[in-house]
């Protein structure tokens, strides 16, 4: 309960006659002089996000590790998923979504490379590259909001 709620409660008690003016003034002074509870002070902080949302966000964005280190975009998300799914309850659902997308993207990549010989694969590779950037970002934003977003076009290998 916030300080304002406590003050309203005290005022109602005073108006109803449950406490007199001296008791009201004493309780009000005590309430205003005490520091706010630590939980309320921390909950208004922008750094108070839950671990579940943070790990899910990192899981989605870890797909970009492949741009810095080859194969890291495949290995890092799988490692986060497997190491954290016992500790963080929602990470298993996010891990399945990301793993489905990684496998689907690899299959689409092979198909696009085969279609390059008939010139259809070149624009498809371009589209696949854009989707490989956009889907993890949308997934991370949704994960930060506490939602599990299933990437469109991903084949459900893990359900």
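Every read-out reported here was derived from the displayed coordinates using simple, explicitly stated rules and does not represent laboratory data. Because the structure is predicted, anything quoted here is derived from the model rather than measured. Here the Cβ is made from the backbone with ideal geometry for all residues, glycine too, and neighbour counts use every protein chain on show.
The figures follow:
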quantity: Computed over the range 60-139: relative contact order in percent, which uses C-alpha pairs under 8 Å that are six or more apart; calculated: 25 percent
quantity: Residue exposure sequence - 101, 55 - by fewest surrounding Cβ within 10 Å; calculated: 55, 101
quantity: Choice from 98, 76, 120 showing the highest fluctuation, given a GNM over the chain with Cα pairs closer than 10 Å; calculated: 120
quantity: Helix 51-61 vs. the chain, principal-axis angle (Cα, 0 to 90°, nearest 10); calculated: 20 degrees
quantity: Top of 61, 128, 13 by mean-square fluctuation, Gaussian network on the chain, Cα under 10 Å; calculated: 13
quantity: Computed [θ] at 222 nm, helices only, for the chain once each DSSP H run of length n ≥ 4 contributes -39500 (n - 2.57); calculated: -22000 deg cm²/dmol
quantity: Spin-label model distance (nm) - residue 25 vs residue 82, 7 Å beyond Cα toward Cβ; calculated: 7.0 nm
quantity: Rounded if a/c under 1.5, otherwise prolate or oblate - the range 73-141, Cα gyration tensor axes; calculated: prolate
quantity: Descending semi-axes in whole angstrom, ellipsoid equivalent of the chain, from the Cα gyration tensor; calculated: 55, 15, 13
quantity: Exposure proxy order (Cβ contacts within 10 Å, fewest to most) of 138, 80, 19; calculated: 138, 19, 80
quantity: Listed residues 68, 21, 99, most fluctuating in the chain (Gaussian network, C-alpha, under 10 Å); calculated: 21
